[in-house]
1. Among the residues in region 314-321, are any assigned by the TED database to the domain that holds R234 and either at pLDDT below 90 or at positive phi (or both)?
2. Would you kindly identify the helices (runs of 4 or more DSSP H) lying entirely within region 81-131 that contain at least 3 residues that are of a type in the set (G, A, S), within 17 Å of the chain's Cα centre (by Cα) and modelled with pLDDT of 90 or more?
3. List the helices (runs of 4 or more DSSP H) inside region 335-452, counting only whole elements, that have at least 3 residues being open to solvent by less than 30 Å² (accessible area, probe 1.4 Å) and modelled with pLDDT of 95 or more.
4. At pLDDT below 95 and open to solvent by less than 40 Å² (accessible area, probe 1.4 Å), is that true of G238?
5. Are there any pairs with C-beta distances below 8 angstrom linking a residue in region 173-184 that is open to solvent by less than 80 Å² (accessible area, probe 1.4 Å) and at pLDDT below 95 to a residue that is outside any loop (DSSP other than H, G, I, E, B) and basic (K, R), with the two at least 6 apart or on different chains, and if so which?
6. Does L122 satisfy the criteria of being of a type in the set (A, V, I, L, M) and open to solvent by less than 40 Å² (accessible area, probe 1.4 Å)?
7. Scan region 191-210 and tell me whether some residue there is over 25 Å from S117 (Cα atoms) and of a type in the set (S, T, N, Q).
8. Of the residues G66, G156, G149, which single one is in a loop (DSSP other than H, G, I, E, B) and more than 22 Å from L177 (Cα to Cα)?
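The values are calculated or read from the model by the stated rules, or taken from the named source; none is laboratory data. What you see is a predicted model; the values in this text were computed from it and never measured. In this analysis, Cβ positions are derived from the backbone assuming ideal geometry, glycine residues included, and neighbour counts consider all displayed protein chains. To get the accessible areas, we keep the full protein, side chains included, count just its heavy atoms, and leave off ligands, DNA and RNA. Shrake-Rupley method; radii C 1.70, N 1.55, O 1.52, S 1.80 Å.
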Amino acid sequence: MADTYSLIGAFYSKPSPALPPFFLKTPKLPLHFPSKSMAAHCHCSSNPRPSQPSLLVFSGGTAFNGVVEELKKLTVRVAHVLPVSDDGGSTAEIVRVLGGPAVGDIRSRCLRLADESTSEALAVRRLLGHRLPINPQQAKSEWYKILEGEHSLWEGVSKPYRETIGAFLAYFQNEILRRPNESFCFSNGSIGNFFFAGARIFFQSLDAAIFLFSRVSDIPAESLVLPVISTNDRLTLGCELWDGTIIRGQNEISHPTNVIGPVDKGRSSVPALPSRIKRVFYMSREGTNSLHEVFPTVNQAVLDQLSNVDCIVYAMGSLFTSLCPSLVLLGIGEIISSRSCPKVLLLNGSHDRETSGFSASSFVTAITDALNRTYGNSHNCLRNLPSQYINTLLVPEDGEIPIDIQSLSSQGIFDVVIVNSIRDPKVGTIFDPVSLINALGNVVSRYMRTKD
């Protein structure tokens, strides 16, 4: 097999720049990778588990992660649908220098789904889950140690995995060096994000990068991680407030900060929005107002899964920047409204910048408006009722979101289940993972019995 550099050169069919010493040390690629057109949902399994229910979960990359491990005990037949518009933290630096979609949320979910049954699996997960120091010089120094294979994080990683992971980390570094006018800041950088970005650029395919990451981290074949938009381009999220203000960028909407570093998604002291959010939409990289709105196409794999799963879940998290970017796309509302399966909203336990003053029915209204595309192009709007999108609410006990039963009833939602909660010092009230998955399992079981 040709060495890594030869493979990359053949892939691009053009001369490549001089390689740094650590790239020359990168060994051969030991695995046969999928073609550029290989989709992330093309997971094959010789041992399908039809007895387990199938779920599709709309979520972001943070809040739902805390229950993923417990969810595996109910079922591994889960399609995790995630946005690719996150522009905060170290993801922002990758997008700034190398372009492309944001992969931070996808990488985060892949790591949560990764195998932990062997010492090597744990070592791979530890490596890909590692973050560099905040201090830029310390971060760069540690990155070079990892790149050269001299860091202790490589301990326990066998040669095939070491060569595979190292090859794409080296390719990521080479892509940075090919842009001498851009100074890349490694502060708080995620090794998993670097690996992901290297694979995506090499294959020129986000789906192929997810496929590779899933195989390297040994995610169960029935567990799918699907970008809601399958693209190799940069996407920018925008929002319109009720006072007419337009805000550009997911992080500016949800957790505005000017510092490269970890994004605090807890109950931080970010300033309140001047008005409530009316809608979210996708924007062109040029321009700063809604006249530059664009309409990306939803990933067909998401629509395929939506049409066949036993349960649809809207996970807790940032309502307008984690859930709604997936819901506003053409085709999503059409399929969800046509399904007769459980459609479950996992209500947040506390307010955040996006949902200040919201009640439970306010969450339902926002999701309904997003799926109906109520405030978008009038030619693409739907007129479906809230109950066609949500029929069950799971609510954390002692949460601060008011449960306005009468308003929910007027929306056609009567199945409201209180679930045990725990107190998190950073974000407040959250679901107890065991209780949440038990409650979700009960909802799905009732539906499965009616199917039999």
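1. Here is the first cut: in region 314-321, the ones assigned by the TED database to the domain that holds R234 are 314-321.
Narrowing the set further to residues that are either at pLDDT below 90 or at positive phi (or both) leaves 317.
Among the residues of region 314-321, at least one is assigned by the TED database to the domain that holds R234 and either at pLDDT below 90 or at positive phi (or both), which makes the answer yes.
2. Details: elements: 89-98, 104-113, 119-128.
Counting at least 3 such residues, we get no helices (runs of 4 or more DSSP H) at all.
3. Numbers: elements: 360-372, 405-410, 433-451.
Ranges flagged: 360-372, 433-451.
4. Values: at pLDDT below 95: yes; open to solvent by less than 40 Å² (accessible area, probe 1.4 Å): yes.
In short, yes.
5. E182/R96
6. no
7. Yes, the conditions are met somewhere in region 191-210.
8. Details: G66 fails: in a loop (DSSP other than H, G, I, E, B); G149 fails: more than 22 Å from L177 (Cα to Cα).
From the options G66, G156, G149, the qualifying one is G156.
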